[in-house]
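Undergrad: One structure follows; several queries about it will come next.
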Amino acid sequence: MSSPIKIDIWSDIACPWCYIGKRHFEAGVAALGEDAPEIEVEYHSFELAPDTPVDFEGSEIDFLAKHKGMPAERVQQMLQHVTGVAANAGLDYDFDALQHTKTLKAHELLHFAKSEGRQLELAERLFRAYFTEGRHVGRIDELVALAADAGLDADAAREALESGRFAAAVQADIAQAGAYGINGVPFFVIDGKYGVSGAQPAEVFGQVLTQVAGERDGAVA
């Protein structure tokens, strides 16, 4: 193939299925082994709950019970289920430690990281910080520290966040999601023409990549 297969992923750092979907996608690529096509991954911004305050007072159960209008007991069962699915994907979710927050600044930071060629490293760092370490990914000081963890310059990251110069890029991503009809994440757009919704099993991602690579080879032949 003349160019890598482009994978555009709409996701939110506060979305538990997005981190699981990331692992499933990575496993799907890895399972193809030497047959795996060359890919290029780019993350795009999506806010699941844009009305969330930066400093939410309460637990994840409190937030979801209010946001989804569900009884706390039902939310607890739902989180236990998600934790189990995450564990099967190799992720150790800790909803008791999780600090629910607005993710807008985290998305701005992801755009800054993209401009520096470190977006994939930062995406992984933010997901791990939020779901397994109980870090606060809504505050600039914390985000700057996580940016440094991902190999980014801390001062440059702080300037990017404080200036808000990537805010328009975040809104453009959200607008594009709307244009595509994306109303839930994760959502994977593969080679600009195939959409995969949700944290599908690894085999699904492997099958789609194999199909796209085959179509490209057929077009070249």
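The values are calculated or read from the model by the stated rules, or taken from the named source; none is laboratory data. This one's a predicted model, so the numbers in the text were calculated from it and none came from an experiment. Positions of Cβ are generated from backbone atoms using ideal geometry, with glycine treated the same way; all protein chains shown enter the neighbour counts. The accessibility values were calculated without ligands, DNA or RNA, using every heavy atom of the protein model including side chains. Shrake-Rupley method; radii C 1.70, N 1.55, O 1.52, S 1.80 Å.
Undergrad: Please go through the range 173-196 and pick out each residue that is surrounded by 14 or more Cβ atoms within 10 Å (Cβ to Cβ) and polar (S, T, N, Q).
TA: Passing the criteria: only Q176.
Undergrad: Of everything in the range 76-106, what is in a helix (DSSP H, G or I), in contact with an Asp or Glu (Cβ under 8 Å, 6 or more places away or on another chain) and open to solvent by less than 20 Å² (accessible area, probe 1.4 Å)? Give them in sequence order. Full working, then the answer.
TA: Taking the range 76-106 as the starting set, the residues that turn out to be in a helix (DSSP H, G or I) are 76-88, 104-106.
Now restrict to residues that are in contact with an Asp or Glu (Cβ under 8 Å, 6 or more places away or on another chain): 79, 86, 104.
Within the range 76-106, L79, A86 meet the criteria.
Undergrad: Could you tell me which of the residues I174, I140 is within 25 Å of D55 (Cα to Cα), in contact with a Leu (Cβ under 7 Å, 6 or more places away or on another chain) and either free of Cβ contacts under 8 Å to residues at least 24 places away in the same chain or not hydroxyl-bearing (S, T, Y) (or both)?
TA: Being within 25 Å of D55 (Cα to Cα), in contact with a Leu (Cβ under 7 Å, 6 or more places away or on another chain) and either free of Cβ contacts under 8 Å to residues at least 24 places away in the same chain or not hydroxyl-bearing (S, T, Y) (or both) holds for just one of I174, I140, which is I140.
Undergrad: Being open to solvent by 40 Å² or more (accessible area, probe 1.4 Å), closer than 17 Å to D12 by Cβ, among the basic types (K, R) and out of contact with any His (no Cβ under 8 Å at 6 or more places or on another chain), is that true of even one residue in the range 160-172?
TA: No; the residues of the range 160-172 include none that is open to solvent by 40 Å² or more (accessible area, probe 1.4 Å), closer than 17 Å to D12 by Cβ, among the basic types (K, R) and out of contact with any His (no Cβ under 8 Å at 6 or more places or on another chain).
Undergrad: Please tell me if K102 is over 20 Å from the mean Cα position of the chain (by Cα) and either among the acidic types (D, E) or closer than 21 Å to F187 by Cβ (or both).
TA: So K102 does not fit the description; no.
Undergrad: So, one more: Have a look at I7, I61 and point out the one that is in contact with a Phe, Trp or Tyr (Cβ under 9 Å, 6 or more places away or on another chain) and modelled with pLDDT under 95.
TA: Only one candidate qualifies: I61.
Undergrad: What number of residues within the range 112-128 satisfy the criterion of being in contact (Cβ under 8 Å) with a residue 60 or more places away in the chain and crowded, with 18+ Cβ neighbours inside 10 Å?
TA: Number of matching residues: 5.
Undergrad: Taking only the range 26-56 into account, find how many residues are open to solvent by 50 Å² or more (accessible area, probe 1.4 Å) and part of a loop (DSSP other than H, G, I, E, B).
TA: Here the count works out to 7.
Undergrad: If A199 satisfies every condition in (1) open to solvent by less than 20 Å² (accessible area, probe 1.4 Å); (2) hydrophobic (A, V, I, L, M, F, W, C); (3) in contact (Cβ under 8 Å) with a residue 24 or more places away in the chain; (4) not in a helix (DSSP H, G or I) but one, which is the exception?
TA: All conditions are met except number (1).
Undergrad: Before we move on, is A150 surrounded by 17 or more Cβ atoms within 10 Å (Cβ to Cβ), farther than 16 Å from F46 by Cβ and touching a residue at least 40 places away in the same chain (Cβ under 8 Å)?
TA: no
Undergrad: Just the residues that are open to solvent by 20 Å² or more (accessible area, probe 1.4 Å) and closer than 15 Å to L126 by Cα, please, taken from the range 1-21.
TA: P16, W17
Undergrad: Considering the range 184-221 alone, what residues qualify as being among the aromatic types (F, W, Y) and closer than 22 Å to A49 by Cα?
TA: Of everything in the range 184-221, those that are among the aromatic types (F, W, Y) and closer than 22 Å to A49 by Cα turn out to be F187, F188.
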